[in-house]
Amino acid sequence: MQANVTLQIPQRLSPGDIIGVVAPAGAFKPQALDAGIAFLEAAGFRVRCPENLQHQKGYLAGSDTHRAALLQAMLTDPDINAVMCVRGGFGCMRVLPLLDFDAIAQQPKIIVGYSDISALLAAIAQRAGFVTYHGPVVAELGYANDATRSAFLNLMTNSKGYALRPSNGVTVQGGQVRGLVTGGNLTTLCHLVGTPYAPRLDGCIVALEDHQEATYRIDRMLTQMKLSGVLDGVAGLVLGTFKNCGPLDMIIKIVRNIFKGRSLPILAGFDFGHGATNIAFPVGLSATLDADRQHLVYD
């Protein structure tokens, strides 16, 4: 995905639309799934779950072929208006080679998730050519706070302008830039480097978040990405929640060092990712990052 590429925007949701539920990554608790479904139905949507959604194989929600088949079926079903992932964990990278992205491209629709789902969002945006959505998973929506729920519903149903503002903004480096927004979970994106599914970051505004990674691991992952060259063309950077990853000032110090000598705008303190509030945002859509005024405004 590059800044000069225009991706198709899936149609927003209306009351009565059908949301298909998939589990392309980790196994999940049925109670959390039920709570998330109850929220979606109360919001006016119909929800469709495959009968064999709750398969489990170790820490995964079924075998690779099982998870890929359910995902492919939902993404290519013309009756399904959106696809939501139950949870992250791990497993999306394993199903990517089993997906038919050409068929998926024929049925562009909203797909939502985060954490390990970042791999799927990046691959679909790049290979199927439509915008995806970094946001809460079904297993969290039933217990999410009002800010998370409100932002999610607004993004899913409103086609007008969309903006993100950090609740506790820190301007790491000032400036303004326009580009496609991409990114997601740092660990997942780092592990995609060197694979055919790694997103191309040239000219892009990259959003990063993570969870329970020691500070030195954050440093190591960003250093590995820098040494690989994938960060060379990054136009801007926004940092979400780094929950249980050490103090924010340490994360900022690492980021400053990684981009030392570069003049790109960097803004920290956004509420997306593994925090109490998880604000949804589009992946693959153009936006303007203003690190001085502390906002990310989509076109």
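A few points about this structure:
- The listed residue being among the β-branched types (Val, Ile, Thr) and under 18 Å from LEU201 (Cα atoms), out of ILE252, ILE279, ILE266: ILE266
- Tally, over segment 249-299, of residues that are closer than 23 Å to GLU140 by Cβ and among the polar types (S, T, N, Q): 2
- Filter pass, GLY129 being within 16 Å of the chain's Cα centre (by Cα), crowded, with 24+ Cβ neighbours inside 10 Å and not assigned by TED's automatic domain parsing to the domain that holds THR277: no
- Residues in segment 140-154 that are crowded, with 23+ Cβ neighbours inside 10 Å and either touching a helix residue (DSSP H, G or I) at 6+ places or on another chain (Cβ under 6 Å) or not assigned by TED's automatic domain parsing to the domain that holds ARG94 (or both): LEU141 only.
- Conditions (1) over 21 Å from the mean Cα position of the chain (by Cα); (2) closer than 19 Å to ASP116 by Cβ; (3) basic (Lys, Arg): number failed by ARG67: (1)
- Residues that are closer than 26 Å to PRO247 by Cβ and charged (D, E, K, R), drawn from segment 128-176: GLU140, ARG165
- Checking each residue in segment 51-63 for being crowded, with 17+ Cβ neighbours inside 10 Å and touching a strand residue (DSSP E or B) at 6+ places or on another chain (Cβ under 9 Å) picks out LEU53, LEU60, ALA61.
- Filter result for LEU121 (surrounded by 24 or more Cβ atoms within 10 Å (Cβ to Cβ) and touching a residue at least 12 places away in the same chain (Cβ under 8 Å)): yes
Residue by residue, here is whether (1) surrounded by fewer than 21 Cβ atoms within 10 Å (Cβ to Cβ); (2) outside the structural domain of ALA147 (by TED's automatic domain parsing); (3) modelled with pLDDT under 95; (4) of a type in the set (Gly, Ala, Ser) holds:
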{"residue": "ASP202", "(1), (2), (3), (4)": "yes, yes, no, no"}
{"residue": "ASP210", "(1), (2), (3), (4)": "no, yes, no, no"}
{"residue": "TYR216", "(1), (2), (3), (4)": "yes, yes, no, no"}
{"residue": "GLY229", "(1), (2), (3), (4)": "yes, yes, no, yes"}
{"residue": "ALA235", "(1), (2), (3), (4)": "yes, yes, no, yes"}
{"residue": "GLY240", "(1), (2), (3), (4)": "no, yes, no, yes"}
{"residue": "PHE259", "(1), (2), (3), (4)": "yes, yes, no, no"}
{"residue": "VAL283", "(1), (2), (3), (4)": "no, yes, no, no"}
{"residue": "ASP290", "(1), (2), (3), (4)": "yes, yes, no, no"}
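- Per the conditions (1) surrounded by 23 or more Cβ atoms within 10 Å (Cβ to Cβ); (2) in the same structural domain as VAL83 (by TED's automatic domain parsing), the sole criterion not satisfied by LEU180 is (2).
- Only helices (runs of 4 or more DSSP H) whose full extent lies in segment 1-117 are considered here, and the ones with at least 2 residues that are closer than 27 Å to ARG127 by Cα are 64-76, 92-95, 101-105.
- Taking segment 176-245 and the strands (runs of 3 or more DSSP E) fully enclosed by it, no element has 2 or more residues that are more than 18 Å from the chain's Cα centre (by Cα) and free of Cβ contacts under 8 Å to residues at least 24 places away in the same chain.
- Residues located in segment 1-26, provided they are modelled with pLDDT of 95 or more, among the small types (Gly, Ala, Ser) and in contact with a strand residue (DSSP E or B) (Cβ under 8 Å, 6 or more places away or on another chain): GLY16, GLY20, ALA23, ALA25, GLY26
- Selection count where residues are under 16 Å from PHE45 (Cβ atoms), touching a residue at least 24 places away in the same chain (Cβ under 8 Å) and not in a loop (DSSP other than H, G, I, E, B), scope segment 128-169: 9
The values are calculated or read from the model by the stated rules, or taken from the named source; none is laboratory data. Just so we're clear, the structure is a prediction, and the values are computed from it rather than from any experiment. Positions of Cβ are backbone-derived with ideal geometry, glycine not excepted, and every protein chain shown enters the neighbour counts.
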